[in-house]
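K.L.:
One structure, as structure tokens, below. Some questions next.
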Amino acid sequence: MVSLLRRIGVPLAQIKVMLALDPASAAEQIRDYWAGTEEPAHQEAFVGQGRPGMRDNGAEAEVAIEALISWASEQQRQPSDVRSVLVFNPANQGAGPDTEFAVALR
């Protein structure tokens, strides 16, 4: 819970207060936090590998990441912080989560 709240930018002091609340009150605090957030900390672009399930293929990952960075440059955006993302996909017939790559944009 703490890591999820930190990912959306909630300060640690506020998280401590939220964790001490009952679930309904904590949910209300989170909703209020989101309502007060005018702009996201950053935007992200995602690209999938085109096949369901996880793969450990460095060549495919390199192509996907290069495509993200190239796209960001074409959009006059500065890419940073490339990461892999596992995405639940019930349509992939038990192949496990899909792997996507994301890049933060400035």
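K.L.:
At 7 Å along Cα-to-Cβ for each site, give me the label-to-label distance between Ser70 and Ser3 in nm.
P.N.:
That separation, rounded to one decimal, is 3.3 nm.
K.L.:
Can you sort Trp71, Trp34 from fewest to most other Cβ atoms within 10 Å of each residue's own Cβ?
P.N.:
Starting with the residue having the fewest Cβ neighbours, the order is Trp34, Trp71.
K.L.:
Once you keep just the Cα pairs under 8 angstrom separated by 6 or more residues, what percentage relative contact order results for the range 43-105?
P.N.:
Once divided by the residue count of the range 43-105, the mean separation gives 51 percent.
K.L.:
Bin width 5 Å, origin at 0, all Cα-Cα pairs of the chain: what percent of pairs per bin?
P.N.:
With 5 Å bins starting at 0, P(r) equals 2, 11, 17, 15, 13, 15, 14, 10, 4, 0.
K.L.:
If you average the C-alpha positions of the range 64-106 and of the range 8-33 separately, how far apart do those two centres end up, in angstrom?
P.N.:
Going from one Cα centre to the other spans 29 Å.
K.L.:
With θ set to phi - 60°, apply the Karplus curve 6.51 cos²θ - 1.76 cosθ + 1.60 along the range 96-104 and write out the HN-Hα couplings as whole Hz, x wherever there is a Gly or Pro.
P.N.:
x, x, 6, 9, 10, 10, 10, 9, 6
K.L.:
Can I ask one more? Provide the FRET efficiency to the nearest 0.05 for the Arg106-Glu28 pair, computing r from the beta carbons and using R0 = 35 Å.
P.N.:
After rounding, the FRET efficiency stands at 0.60.
K.L.:
Where does helix 58-74 land angle-wise versus the long Cα axis of the chain, in degrees 0 to 90, nearest 10?
P.N.:
70
K.L.:
Taking the Cα centre of the chain as origin, sum charge times position over the Cβ atoms of Lys and Arg (+1) and Asp and Glu (-1), and report the length of that vector in debye to the nearest 20.
P.N.:
Around 200 debye, computed over the chain.
Only the coordinates and a few stated rules stand behind these numbers; no lab work does. Predicted, not measured: the structure shown is a model, and the values here were computed from it. Backbone-built Cβ (ideal geometry, glycine too); neighbour counts: all protein chains shown.
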